[in-house]
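Scroll down for the structure; my scribbles are underneath it.
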Amino acid sequence: EDLGARRDRDRLEAGWHPTSGLPPLEYIEQRAVSAAFLEYVTEMSLTDAMRRNATEKHEAQPYLTARDVHELLVVEKTKEQMCRYVELPEIHGSKDADGRPHICTAQYFFSYSWDSPWESIVSALVLHSTRQVAMGKQPPYYWIDIFAVNQHTSLPPWECRSGLTDCP
């Protein structure tokens with residue numbers, strides 16, 4: 001039994017449930033986030049103090065990077081519960097202004113550099129989502145590692161139902 005599965009079993013046996021009674025995000029592709037979620041996280045969770053800390057740390061780049069968001073937000077917020085960011089009770093089950101869940105099944109995998117400006121990442125995905133809606137599609141969900149994967153364990157307790165297999 002891997003560490004993640006053992007942790008999850010122990011938490012459930014102890015009566016602790018990270019999703020406030022909502023179904024667990026059992027499969028990795030269920031842990032995708034919307035562009036609205038990224039805007040929400042950027043606006044509501046990234047404090048001025050975090051931004052100042054990141055700016056002081058990187059004198060040559062006066063902006064927050066994805067690495068900063070990982071260190072200052074994701075790891076910090078999830079360290080007590082040792083869970084994925086999308087499993088935090090205040091996140092899992094949250095909705096945007098139109099009532100759409102912030103977390104859902106992925107349509108896109110998003111790859112990026114951890115040294116990219118965070119605002120550029122958010123802007124790119126908001127633009128993509130806006131274009132999808134303009135074409136008559138639903139706003140898409142993006143699988144982003146720092147939100148979908150537990151940042152405190154090295155063993156990946158995931159299973160993909162969409163047919164992906166391990167490389168030989």
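The values are calculated or read from the model by the stated rules, or taken from the named source; none is laboratory data. Note that the structure is a prediction, hence the values are computed from the model and not measured. Note: ideal-geometry Cβ built from the backbone for every residue, glycine included; neighbour counts use all protein chains shown. Please note that ligands, DNA and RNA were not included when accessible areas were found on the heavy atoms of the full protein model with its side chains. Shrake-Rupley method; radii C 1.70, N 1.55, O 1.52, S 1.80 Å.
Looking at ARG131, is it modelled with pLDDT of 90 or more and either assigned to a loop (DSSP other than H, G, I, E, B) or over 13 Å from the mean Cα position of the chain (by Cα) (or both)? Considered against the rule, which asks whether it is modelled with pLDDT of 90 or more and either assigned to a loop (DSSP other than H, G, I, E, B) or over 13 Å from the mean Cα position of the chain (by Cα) (or both), ARG131 comes out as yes.
Yes/no matrix, rows are residues, columns are (1) surrounded by 15 or more Cβ atoms within 10 Å (Cβ to Cβ); (2) modelled with pLDDT under 65; (3) small (Gly, Ala, Ser); (4) at positive phi:
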residue	(1), (2), (3), (4)
SER20	no, yes, yes, yes
GLU39	yes, no, no, no
GLU56	no, no, no, no
PRO62	no, no, no, no
LEU72	yes, no, no, no
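Of the set (1) in contact with a strand residue (DSSP E or B) (Cβ under 7 Å, 6 or more places away or on another chain); (2) open to solvent by less than 70 Å² (accessible area, probe 1.4 Å); (3) farther than 16 Å from ILE144 by Cα; (4) not polar (S, T, N, Q), all apply to LYS95 but (2).
For residues that are assigned to a loop (DSSP other than H, G, I, E, B) and either among the aliphatic types (A, V, I, L, M) or touching an Asp or Glu at 6+ places or on another chain (Cβ under 8 Å) (or both), scanning just region 25-37, find the one that is modelled with the lowest pLDDT. Of everything passing the filter in region 25-37, LEU25 is modelled with the lowest pLDDT.
With respect to the stated conditions, ARG67 is of a type outside the set (Ser, Thr, Tyr), modelled with pLDDT of 65 or more, within 30 Å of HIS128 (Cβ to Cβ) and open to solvent by 70 Å² or more (accessible area, probe 1.4 Å). Note on region 98-114: among residues that are outside any strand (DSSP E or B) and touching a helix residue (DSSP H, G or I) at 6+ places or on another chain (Cβ under 6 Å), the one that is surrounded by the most Cβ atoms within 10 Å (Cβ to Cβ) is HIS102.
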